[in-house]
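J.: Please see the structure below; I have some questions.
Every read-out reported here was derived from the displayed coordinates using simple, explicitly stated rules and does not represent laboratory data. The structure displayed is predicted, hence computed values, not measured ones. Quick reminder, even Gly has a Cβ in these numbers, built from the backbone with ideal geometry, and neighbours come from all protein chains shown.
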Amino acid sequence: MNSTQGHAVSTTIGVNVEQSVPRIRMVSGGGDLQLHVREWGQVEGPSVLLLHGWSGNHMCWRGQVDSELAEEFRMVAVDLRGHGMSGRPLDSATYHDRALWAADVAAVIDVLELDRPTLVGWSYGGFVIADYVREHGTDDISAINLVGGAVTLNERFDHIGPAFLAAAPGATQDDLPTKIDALRRFWRSMTHEPMAEVDLETGLCGSMVVPPQILGALISRQIDSDDVLGRLTLPVLVTHGRHDQIVLPSMAEHVLHVCPTAEPSWYEATGHMPFLEDRTRFNRELTELARRATTTGTRR
């Protein structure tokens with residue numbers, strides 16, 4: 001585990017300055033919603049498209065886009081609809097329509113001309129990947145990495161962890177102190193060991209940008225991705241922390257049971273953020289997945 005402040009998990013790393021400067025685009029997604037997209041690394045390299053989780057944004061992936069991955073790959077991160085610097089309409093229907101989520105991903109792939117990217121979905125990003133595959137299939141992607149990925153959402157909140165269930169009611173309230181307190185607890189529960197202060201503050205500030213109505217709409221969907229997972233034929237890496245209290249390890253076990261091509265990567269002494277808690281291992285495994293998908297797949 002990377003640790004630079006006692007037991008605090010940190011993303012502080014050495015980077016190439018030129019690689020760390022993003023190229024910024026606005027892309028019209030589903031329903032013409034404006035999506036904020038940033039890319040780093042090699043324009044002609046294999047593409048990796050990073051999709052963050054509930055209340056996050058592209059900054060969650062700092063340990064990947066500002067790393068050795070950018071020396072080989074074209075690293076692209078998008079602020080999901082309702083998050084970060086993307087459009088944030090308050091109409092709940094905007095977040096309930098799976099075709100809109102799918103269109104967002106398709107638009108980023110098309111407008112940026114990404115050549116069969118590896119899709120990386122953290123937490124809620126797993127839902128978004130399933131939405132995309134259900135609507136558009138897998139011809140335009142090479143591989144999938146589910147990272148603490150959620151694929152099922154029902155009234156019982158099966159496989160959703162106690163830390164999320166404790167924070168969600170307050171995070172979706174209009175009352176500002178209530179929302180701040182809930183999201184502070186939410187981010188503190190993300191990792192097995194306490195994360196560095198800069199990462200905690202960045203996560204909390206980013207979450208506060210998302211209106212509570214949107215946070216509520218996101219988790220009021222009913223989602224069953226088994227039909228998508230059951231017919232996948234491309235490589236699927238299931239990355240999950242054994243101590244994840246946001247999306248339980250049982251969610252990963254479910255994916256491994258349903259998806260014929262899924263391979264596990266279990267992280268011991270790790271919570272909901274393997275890409276932060278063990279950045280070196282995570283980046284190495286993502287590199288291996290993207291390379292394998294590029295070698296075995298048919299690139300345009």
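J.: Given the options 241, 53, 170, state which has the largest fluctuation in a GNM of the chain using a 10 Å cut-off (strictly under) for Cα springs.
T.: Comparing 241, 53, 170 in the GNM, the peak value goes to 170.
J.: Quick one: net charge around residue 197, please, counting Lys, Arg +1 and Asp, Glu -1 for every other residue with C-beta under 15 Å from its C-beta.
T.: Details: positive: 62, 184, 188; negative: 193, 199, 201.
The answer is 0.
J.: Can you give me the Rg/Rh ratio for the range 158-197, using Cα atoms for both radii and the Kirkwood formula for Rh? Please list the in-between numbers first.
T.: Working: Rg = 10.8 Å, Rh = 10.6 Å.
The Rg/Rh ratio comes out at 1.02.
J.: Sort all Cα-Cα distances of the range 200-297 into consecutive 5 angstrom bins from zero, then give the percent of pairs in each bin up to the one containing the longest distance.
T.: For the range 200-297, the pair-distance distribution reads 2, 11, 15, 17, 20, 18, 12, 4, 0.
J.: Of all the Cα-Cα pairs you can form in the chain, what percent are over 24 Å apart?
T.: Working: 20792 of 44850 pairs.
That tail contains 46 percent of the Cα-Cα pairs.
J.: Report the chymotrypsin sites (Phe, Trp or Tyr not before Pro) located in the range 118-160 that are in a DSSP loop and have at most 15 other Cβ atoms inside 10 Å of their Cβ, or state none.
T.: Counting only loop positions with at most 15 other Cβ atoms within 10 Å, the chymotrypsin sites (Phe, Trp or Tyr not before Pro) in the range 118-160 are 157.
J.: Still on this structure: Excluding residue 269 itself, what net charge comes from residues whose Cβ is under 13 Å from its Cβ, given Lys and Arg +1 and Asp and Glu -1? Before the final figure, lay out the partial values.
T.: Working: positive: 242, 281; negative: 193, 244, 268, 277, 278.
For residues surrounding residue 269, the net value is -3.
J.: Exactly which GluC sites (Glu not before Pro) in the range 224-300 are in a DSSP loop and have at most 14 other Cβ atoms within 10 Å?
T.: Values: sites: 253, 268, 277, 285, 288; in loops: 268.
Listed in order of number, the matching sites are 268.
J.: Here's another thing I want to ask about it. In Å, what Kirkwood hydrodynamic radius results for the range 247-300 from the alpha-carbon pair distances? All intermediate terms of the calculation are to be shown ahead of the outcome.
T.: Values: mean 1/r = 0.0776 Å⁻¹.
Computed over Cα pairs of the range 247-300, the Kirkwood hydrodynamic radius comes out at 12.9 Å.
J.: Here's something else I'd like to know. When DSSP beta bridges are limited to those with both residues in the chain, what percentage is antiparallel, rounded to the nearest 5? Kindly include the intermediate steps, with their values, before the conclusion.
T.: Details: 16 of 41 bridges.
Here the antiparallel bridges make up roughly 40 percent for the chain.
J.: Using the Karplus curve 6.51 cos²θ - 1.76 cosθ + 1.60 with θ = phi - 60°, work out ³J(HN,Hα) for each residue of the range 266-274 in order, rounded to whole Hz, and write x for Gly and Pro.
T.: Result, rounded to whole Hz: 8, 10, 6, 6, 9, x, 8, 10, x.
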